[in-house]
1. Out of everything in region 266-277 that is surrounded by 19 or more Cβ atoms within 10 Å (Cβ to Cβ) and out of contact with any Pro (no Cβ under 9 Å at 6 or more places or on another chain), what residue ends up being nearest to residue 241 (Cα to Cα)?
2. For residue 258, which of the numbered conditions (1) touching a strand residue (DSSP E or B) at 6+ places or on another chain (Cβ under 6 Å); (2) in a strand (DSSP E or B) fails to hold?
3. Hey, any hits in region 651-660 for a residue that's closer than 18 Å to residue 58 by Cβ, open to solvent by 20 Å² or more (accessible area, probe 1.4 Å) and in contact (Cβ under 8 Å) with a residue 60 or more places away in the chain?
4. Based on what the data block shows, is residue 220 over 19 Å from residue 93 (Cα atoms) and assigned to a strand (DSSP E or B)?
5. Tell me which residues, restricted to region 343-371, are free of Cβ contacts under 8 Å to residues at least 60 places away in the same chain, over 18 Å from residue 432 (Cβ atoms) and among the small types (Gly, Ala, Ser).
6. Pick from region 111-128 the residues that are at pLDDT below 95 and closer than 28 Å to residue 739 by Cα: which of them is most open to solvent (accessible area, probe 1.4 Å)?
7. Condition (residue is at pLDDT 90 or above, surrounded by 20 or more Cβ atoms within 10 Å (Cβ to Cβ), in contact with a Ser or Thr (Cβ under 6 Å, 6 or more places away or on another chain) and not in a loop (DSSP other than H, G, I, E, B)) applied to region 72-83: is it met by at least one residue?
8. Modelled with pLDDT under 95, surrounded by fewer than 16 Cβ atoms within 10 Å (Cβ to Cβ) and of a type outside the set (S, T, N, Q): does that describe residue 752?
Amino acid sequence: MRKILAILFSFCSGFVVAQVAPVAKEKIPDSVKIGVLDEVVISASRVMEKLLQSPVSIQKVNEKYFRSAPAPGFFDALENVQGVQMITPSLGFKVINARGFANTTNVRFAQLVDGMDVQSPHIGGPIGNALGPTDLDIENVEIIPGVASALYGMNTINGLADFATKNPFTSEGIMVQQKTGITHLGDSNSSAKIFSETSLRIAKIVSPKFAFKINGSFSKGYDWIADDHSDLNPNANISTNLTGYDNPARDLVNGYGNESSDRKTITLQGKSYVVSRTGYYEKQVVDYSLQNIKADVGLYYKLSAKSSIVYLFHMALLDNVYQRANRFRLQNYFIQQHGIQFQSPSVHAKVYFNNENTGKSYNLRSMAENIDRDYKPDNTWYADYTTAFNNATTAGKTAADAHREARAAADAGRFQPGTDAFKNSMDKLKNTNNWDYGAALRVKASFVQAEAQVNLTEEWLSGLKKNAGLEILTGIDSRTYIIVPDGNYFINPEKGKTYSNIVYGKTGGFASLTKTFFHNTLKFGATLRADKNDYFPLAWNPRFTCVYSPTYKHNFRLSFQSGYRYPSIFEAYSNINSGGVKRVGGLPVMSNGIFENAWLATSISAFQAAVLKDINQNGLTKNNAIIKNQGVLKKNPYTYIKPEHIQSFEAGYKGLFFDGKLFVDADFYFNNYHSFIAQANMNVPNTQQADSIPFYLYDKTKQNQYRMWTNSQTSVYNYGFTFGLTYHFAKGYNVNANTSYAKLQKSSNEDGLEDGFNTPQWITNIGIYNENIYKNIGAGLSFKWQDAYYWQSFLVNGNTPAYSSVDAQISYTITRVKLKIKLGATNLLNHYYRSFLGGPEIGGLYYTTLTYGIK
């Protein structure tokens, strides 16, 4: 850290020495004044400042960009923004990330609407744009692709996106939008399906002091289908030469009920085989119908010409597919937010409340495996399998054929999709809130956030700002989570309080100082933040920035900052029984005694495979094989969870060329992560007698399996850059091109537990847009290419293929009746692709949007 600060100081000091006299004032072309030069941002420093002079990387896109973009909605259009990676677990659920370590529940990247976090409390991140604004109410989006912890605290070590909505005082009227599309063309798993979204916005100024707005949206469609049949367990029976379709322990990516907890090692005709239950495909146990009902209300009251108070309410009721370590069907999932904000030139304060209820949601894996068990318990099924296998081999069948006949016999009478028995079993399991024999997800959780910031030099100490170029900003915030224990997902660990609410929170504050020098050509900034969590000691996050602007056209920046991420409530308090594996939160109050007595599951699997090989190929007895291979077993080295930490260095440039027609934006970053929060599989034998432990760890019935939240012991480095060009041609044509590069570099102390980087090395976007090509006819065309990358998760690990996609739109505005017609397509060529492994295949969406406005 000292070396980084020294570099930062030397870099900026060099500018100070060089800048001994003010730069001559240049004439600013009108084209620049109305474009990038006048663009301001707030998120980078929590105060208004020029986009060009922002001290950290920030991207801003507005209504003009959204109107021209070949995307069905504003949220979809963010995928082509410089530095942004977006993955798609569902048609109704997309996840934004930046600078690496993406996952389907992105707890490292915050999503705000009008400055308020819209995360679902128990998930720790937002469900796409479910609680966000509609296309009719969005004004602009600011994205910080990188650490923002010093100013924002929790969940921002990868960045944040802030969605600003329209103010009814400046955007009055009634607007209606109807979006109709078609999906699943050429899909082998589905016929073509209709997608529909209807949106309404009403905004009214009631008096000079009071205005309100109401937004509503109803969308309905059919979700993308996940149906990957790749085998995740191909070598389970390699010692008996049973591979491919002959492998009786196949574990398909999107087939559930045949995972590790649904397998046994059984001895048949003198050989040991790993055999799994049959399970079901995802498409057999999920309803892919998609629906989202959302609404919001804003009440705006002006206390004075410069101060106001605002009440905001958002709600969403949705059905779609969500993914964490497993995939889930969210059914009647309800989330809401209430917030009150006060704003004046010097003081911004807000209090808001987020609440979620998972409704009738369920776990797809638990559903599949427990339908099998509802039909026939494991012990009975394996006994039937053994009998049928022995009969088949006695009749002269090969081992592969005998296994097939054994499975058919054991599955006789099994519940088949589409039958009443299957439906009745599903209905029962949907309402059974224990994943050992049910599938229901029944969570109720909330959080309350209160925060305030004061700009001391805006009004009270304005002389410092005017005469000394000094700006002082302070802030404080507090967040408290309230979890209602359900007996399955969460329990209260305190003795005698199993079903009492769990309370988990943190408080933090910051002070920020910015100083300009030499006629505002040089700007230094320093921020220090302190955070205190209920279970962890005080943590400090500094940020140091320097911006050098020799002219208005050219702006260079350097920054260093650090950040912490505290465990989400799921990572801290979870207590789930899932198919024989218990997932436990990493706090000592939840997991006391497990870490100390556990053995790594990876070593147990390797140990069991080695024993199998010696039994089947080398003729050893089971006991002798266990004794021979016990050295393969490894004691668990991990311990109780602690906060995740990052240190980040960044350099960047924003500049204008050719009289402001060309905008150049570039940045480079280097990150150092410590104590990644991740999960580790470990088993605890039902004995502590040393010489008996290997025998217990060979027998699944004599050990307890856990998936524990803990920290990686690896220090991880990643670096990368982004580069973007925007050129404004004559007659309203705009061309955008950007590329992102991201590289993971681990230290030598690798333990294999670090979270998946899950990021393509290269992402490239190119687009051309014009809102008015000829007589109110507009069009947009974009191309995206994404490199292949390695995806790492508890559902599946492997290479995600590279893909490219073309999006297009053409629009016509009938000004006389204020009607805009837009015809568009995403993935125009309909080349199906996956944005990550385990997720759905994404095809083309072909749509028409009609937008009608009444001023």
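1. Out of the qualifying residues, it is 272.
2. (2)
3. Within region 651-660 (the criterion being closer than 18 Å to residue 58 by Cβ, open to solvent by 20 Å² or more (accessible area, probe 1.4 Å) and in contact (Cβ under 8 Å) with a residue 60 or more places away in the chain), the answer is yes, since at least one residue qualifies.
4. no
5. Within region 343-371, just 344 meets the criteria.
6. Among those residues, the one meeting the criterion is 126.
7. yes
8. So residue 752 fits the description; yes.
The values are calculated or read from the model by the stated rules, or taken from the named source; none is laboratory data. The structure displayed is predicted, hence computed values, not measured ones. Every residue, glycine as well, gets a Cβ built from its backbone with ideal geometry; the counts of neighbours run over all protein chains shown. Protein only, heavy atoms only, side chains kept; ligands, DNA and RNA dropped before computing areas. Shrake-Rupley method; radii C 1.70, N 1.55, O 1.52, S 1.80 Å.
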